[in-house]
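Readers should treat all values here as calculations from the given coordinates under stated rules, not as data from a laboratory. Quantities reported herein were computed from a predicted structural model and do not represent experimental measurements. Here the Cβ positions follow ideal geometry from the backbone for every residue, glycine too, while neighbour counts run over all protein chains shown.
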Amino acid sequence: MAGRETRFEDTCEITGIKNRISVLGEILTFKEKHLIIATIHRSAKVTLRWKEHAELYVGSLGGVEFESPGPKSYTYRTHR
């Protein structure tokens, strides 16, 4: 029986909302359309929550707001 499986990258682009500077965050926890917990430069941990109206993950760290579209996804066909 063939099916589909979606896999996500373990990194995502995180952008400062005010300065528009983007960095690559390493994802520690990911729940699609709910939550991303990621580290920036392996030192700062940021929690981003899904905002339905914006279709982005949004969060703040140290008074700075960040946004992310989330990790890239790949859908595979599985054969069993």
### Message
Name the single residue that is nearest to TYR76 (Cα to Cα) among those in region 1-31 being free of Cβ contacts under 8 Å to residues at least 40 places away in the same chain and in a strand (DSSP E or B).
### Response
LYS31
### Query
Counting just the residues of region 49-65 that are in a loop (DSSP other than H, G, I, E, B) and of a type outside the set (D, E, K, R), which one comes out surrounded by the most Cβ atoms within 10 Å (Cβ to Cβ)?
ALA54
#### Entry: Residue list for region 35-48, restricted to those being surrounded by 10 or more Cβ atoms within 10 Å (Cβ to Cβ) and more than 9 Å from the chain's Cα centre (by Cα)
THR39, ILE40, ALA44, LYS45, VAL46, THR47
